[in-house]
1. For region 246-270, how many residues are of a type in the set (Gly, Ala, Ser) and buried (at least 18 other Cβ atoms within 10 Å of the Cβ)?
2. Which residue is surrounded by the most Cβ atoms within 10 Å (Cβ to Cβ), if the candidates are limited to region 132-159 and must be among the basic types (Lys, Arg) and over 13 Å from the mean Cα position of the chain (by Cα)?
3. Got a sec? Which of Ala12, Ala39 is part of a loop (DSSP other than H, G, I, E, B) and either more than 14 Å from Leu88 (Cβ to Cβ) or in contact with a helix residue (DSSP H, G or I) (Cβ under 9 Å, 6 or more places away or on another chain) (or both)?
4. Please go through region 55-101 and pick out each residue that is assigned to a strand (DSSP E or B) and either in contact with a His (Cβ under 8 Å, 6 or more places away or on another chain) or of a type in the set (D, E, K, R) (or both).
5. Only one of these conditions is not met by Thr70: (1) in contact (Cβ under 8 Å) with a residue 60 or more places away in the chain; (2) surrounded by 16 or more Cβ atoms within 10 Å (Cβ to Cβ); (3) not hydrophobic (A, V, I, L, M, F, W, C). Which number is it?
6. Name every residue in region 201-246 that is farther than 27 Å from Ala395 by Cβ, of a type in the set (S, T, N, Q) and outside any strand (DSSP E or B), in order of residue number.
7. In region 82-103, which residues are within 33 Å of the chain's Cα centre (by Cα) and surrounded by 15 or more Cβ atoms within 10 Å (Cβ to Cβ)?
8. Look at Val275 and say whether it is in a loop (DSSP other than H, G, I, E, B) and at pLDDT 90 or above.
Amino acid sequence: MKKLLTTLLVLALAGFVGFKAAVWWLVDRNVNQAQQTIADRGVIERGAIRSSLGGLVTLQQASYQDFRLTQPLQMGQLTFDAGSPLALLSFLADPSVLPGQWQLTATGLRLGLDANMFRSWVTAGGPEESALFAPACGPDSRQRLGSGDLVRVGITELRAEALLRQTADELYLELNSEGTGSLEIHWPGVRFRFDDADPLPGATAAALTVTVRDGGLMRRVSAYCARESGMAENDWSNQVLASFQRQLQQTGYQASDQLLALYRRWLVEGGELTVVLSPQSSTYGVPVRDDEATSTAELALSYNGAQVPGVYLTHYTPPPQSPPQASSELATPEDGGQRAAEGSWRTQPVAAASQWLGHRVRVGLSSGRTVEGRLVRADERQLEVARPVDGGEVAYPMATAAVTRFEIWRRGSGVESNEPGRRIR
């Protein structure tokens, strides 16, 4: 009996060690294969590998550096739960063999933010077309909310936890962040694949329910962007709503009054939105009415727990073109009472802007706006003009391509510099 128990103990120990070694080797192999697949796009650091007989495997302190971004995504712990050791080994040996139910959990997700999240070679092609739901956030109405704005709001890092769970009935995703809201997705009838170029085969045939909570972020963003644009918050929201309408009309659609009202309220107040979307639709499930008098189709949507009726689109036909109206130049903010008693604005070429760093400048933009302040940065792609705000300074980046006029302030026969009384001839 003693010999039998010893043999069983040795076999159990050998099985445990073998399981651990097999999991470590298979995970290392799969991570290396994944790295080879994305070698031209980024770098994976797998960190330490841990496993358990319950069918769990964990990567600790892993990270992913996308070559397009200046900051890596840090993962404190990434855990895959296959439900059993056999199911785990089968999946690791062949990623196409996923168990019927599994769960992937990520904790300690961190992504640092800076003013320029994308590397220069990514943005070298010039400013991209503005996104439909990206609000204007700066003196140039084409300047969209970006990572630099989030940094100035006080969000220097994104921290989150994520859960991806597959059941027999649906695929469920949950993402919770600190201070920037949460996201939930219920996708019935969809199965995820790790080894396919299309990880969600057939997913376009199934509708999904999406719930978004802003966690108070939208109130902070709207107040900040209104201030950066030099407007009252109500005027700023009117401008963003008008821009949203124009961009939507460019795609051939007109939003219903209720959709516009909802977008504006979300923009300035945030809250919780729950909506049912259809990926197979060109409008993602938002109904398009051909005849408002007879059609009753509307989007299934709720805001802060209450159903919102009357959310739909109609086809838009642009009116005959008329001569463009001249845009009025908005007033620029005060420069702290430092205007000289005598002097004038002198036009200079934008290409020579780097020669006037530290001097008071006035920049005219293609949107019709004018920005006045101290030039703090200038290169072939961007200008940055600092303006006084609440006792300090905030730098406003502007695309060089959007600059239509560049002027410097001259006093007498010289140019005003940062140092009082100094002139540069």
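1. Going residue by residue through region 246-270, those that are of a type in the set (Gly, Ala, Ser) are 252, 255-256, 261, 270.
Applying the additional criterion that residues be buried (at least 18 other Cβ atoms within 10 Å of the Cβ) yields 255-256, 270.
Summing the residues that are of a type in the set (Gly, Ala, Ser) and buried (at least 18 other Cβ atoms within 10 Å of the Cβ) in region 246-270 gives 3.
2. Arg142
3. On the way: Ala12 fails: part of a loop (DSSP other than H, G, I, E, B).
Of the residues listed, the single one that is part of a loop (DSSP other than H, G, I, E, B) and either more than 14 Å from Leu88 (Cβ to Cβ) or in contact with a helix residue (DSSP H, G or I) (Cβ under 9 Å, 6 or more places away or on another chain) (or both) is Ala39.
4. Step one: filter region 55-101 for residues assigned to a strand (DSSP E or B), giving 56-66, 69, 73-81.
Once the filter is applied, which keeps residues that are assigned to a strand (DSSP E or B) and either in contact with a His (Cβ under 8 Å, 6 or more places away or on another chain) or of a type in the set (D, E, K, R) (or both), region 55-101 yields Asp66, Asp81.
5. Here Thr70 meets the rest and fails (1).
6. Thr204, Gln245, listed by residue number.
7. Ala82, Phe91, Leu92, Pro95, Leu98, Pro99, Trp102, Gln103
8. Working: in a loop (DSSP other than H, G, I, E, B): no; at pLDDT 90 or above: yes.
Judged against the criteria, Val275 is not a match.
The values are calculated or read from the model by the stated rules, or taken from the named source; none is laboratory data. Being a predicted model, the structure only gives us computed values, none of them experimental. Heads up, the Cβs are rebuilt from the backbone with ideal geometry, glycines too, and the neighbour counts pull from every protein chain shown.
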